[in-house]
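Take a look at the structure below.
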Amino acid sequence: MAVLPSISESSLEAICNSLADAASHKELTRLFTQCGIDECGGTPKWERMLMALASRQRRDGCGNNVFGFICAVLHPSRFDGRLQQFEDFRARVNYQLSFLGLAINEKGQPQHVTAATTISEAQERASDLHSELERRSVHADVLRFCKAELLQDNYFHCVLEATKSAAQKIRDRTGLESDGGSLVDQALSIKTPRLALNTLQTESEQSEQKGFANLLKGVFGTFRNVTAHAPKIHWAVDRSDAMDALTIISYIHRRLDEAVVVPPTSSPS
């Protein structure tokens, strides 16, 4: 494993505060043991983490074991059914790590990102994009991804997370568990839909449903799948790209909100 840089004590303290609600005291004890990190005291959870991690980092002279612990806390398996909590914890941690040019990805592993230079740089980007999207009346479920923590990554992570939110909304509304094209086909089927944009009684109405399904598949293929699998250096997302992508995703969210949920055992006549 490559040597990872040490995290400054102020940033480490902020990370520990951010993760204080991500594990119980009992879970912390198990995680410390799992990661081979000795406890050094402390009463609140953030203090237990800070004292143990700071001590281990000084001993190691690098951040590898500290990152190992952070990744253990943020392992996706610990957040089954709590996707939004996972993303909130990850965003707060990544805000601090971005100044080192690192981030915890959606798999709970460290990855290199474009290093932030100033706090105001990220905040200005977030404010600028947020204001323009508000002017366009972009859906609230999209606006919440326009955070400084996400935009530290040059819009790349912002677009990726907003795209994933559309798939999650389909799952939340239908109870389906699949993803990508399979999820779209199940949810927006003409014969046995789980979400219906209209009554599906005429050819025109069925065409609208099919067209929306194709739009969703296109968005997943263009933004989500590419950003999830390609290195960012090969798939740059600038402000204009982000603006257009988020506007399209806003339209998708509105149509999903308006769609009628169809029980699994029935479909529109």
Original post:
Can you name the condition, by its number, that residue 90 falls short on among (1) without any contact (Cβ under 8 Å) to a residue 24 or more places away in the chain; (2) farther than 26 Å from residue 160 by Cα; (3) crowded, with 19+ Cβ neighbours inside 10 Å; (4) not hydrophobic (A, V, I, L, M, F, W, C)?
Top reply: (2)
**OP:** For the range 47-61, state whether one or more residues are in contact with a Pro (Cβ under 6 Å, 6 or more places away or on another chain) and modelled with pLDDT of 95 or more.
**Re:** no
**OP:** For the range 45-61, state whether one or more residues are within 23 Å of residue 103 (Cβ to Cβ), of a type in the set (A, V, I, L, M, F, W, C) and either outside the structural domain of residue 74 (by TED's automatic domain parsing) or not in a helix (DSSP H, G or I) (or both).
**Re:** no
Subject >> Residues satisfying the stated conditions in the range 5-33, i.e. assigned to a helix (DSSP H, G or I) and loosely packed, with under 12 Cβ neighbours inside 10 Å >> reply: 10, 25, 26, 33
Subject >> The one condition in (1) modelled with pLDDT of 90 or more; (2) surrounded by 18 or more Cβ atoms within 10 Å (Cβ to Cβ); (3) on the phi > 0 side of the Ramachandran plot that residue 175 fails to fulfil >> reply: (2)
**OP:** Would you confirm whether any residue within the range 126-146 is of a type in the set (Val, Ile, Thr), touching a residue at least 60 places away in the same chain (Cβ under 8 Å) and either out of contact with any strand residue (DSSP E or B) (no Cβ under 7 Å at 6 or more places or on another chain) or under 27 Å from residue 12 (Cβ atoms) (or both)?
**Re:** yes
Original post:
Does residue 167 meet the test of being modelled with pLDDT under 95, among the aliphatic types (A, V, I, L, M), surrounded by fewer than 23 Cβ atoms within 10 Å (Cβ to Cβ) and outside any loop (DSSP other than H, G, I, E, B)?
Top reply: yes
Subject >> Scope the range 131-150; condition of a type in the set (S, T, N, Q) and assigned to a loop (DSSP other than H, G, I, E, B); matching residues >> reply: 137
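The values are calculated or read from the model by the stated rules, or taken from the named source; none is laboratory data. Keep in mind that this is a model prediction, so the values were computed, not measured. Neighbour counts run over all protein chains shown; Cβ positions are idealised from the backbone, glycine included.
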